[in-house]
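Here's the structure we're looking at; comments come further down.
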Amino acid sequence: MGKRGQYSEEQKIATMKYLADNFEKIHINVRKGKKEKIKQLAASKGLSTSAYIIELIERDAELSGFDISIPPTPSQQPKEKPMSEENK
């Protein structure tokens, strides 16, 4: 990385590929002025707007008994440690 906080073009491309491969977007419309209030509310809880909305959805799903979990991707799976000769 060049200057602090700046990404190289390669890092930007890698990040965009990772996001495209691992995430989906949901767009919502809110009345003018409400976006900033939601952003402030999320920040007051130490969360980004996205993290706050996701937390609310997950909490509601749990209270409703609705499972929204998904299986982990291969990159999220714990890495298996090779067995040592002693354990074979």
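Bear in mind that the values in this text are calculations on the coordinates, not laboratory data. What you are looking at is a predicted structure, and each value in this text was computed from that prediction instead of being measured. As a convention, Cβ positions derive from the backbone with ideal geometry for all residues, glycine included, and neighbour counts pool all protein chains shown.
Among the residues of the stretch 52-75, the one identified as surrounded by 10 or more Cβ atoms within 10 Å (Cβ to Cβ) and small (Gly, Ala, Ser) is 61. When the stretch 1-51 is limited to residues that are exposed (fewer than 11 other Cβ atoms within 10 Å of the Cβ), out of contact with any Phe, Trp or Tyr (no Cβ under 8 Å at 6 or more places or on another chain) and among the aliphatic types (A, V, I, L, M), the one that is nearest to residue 73 (Cα to Cα) turns out to be 20.
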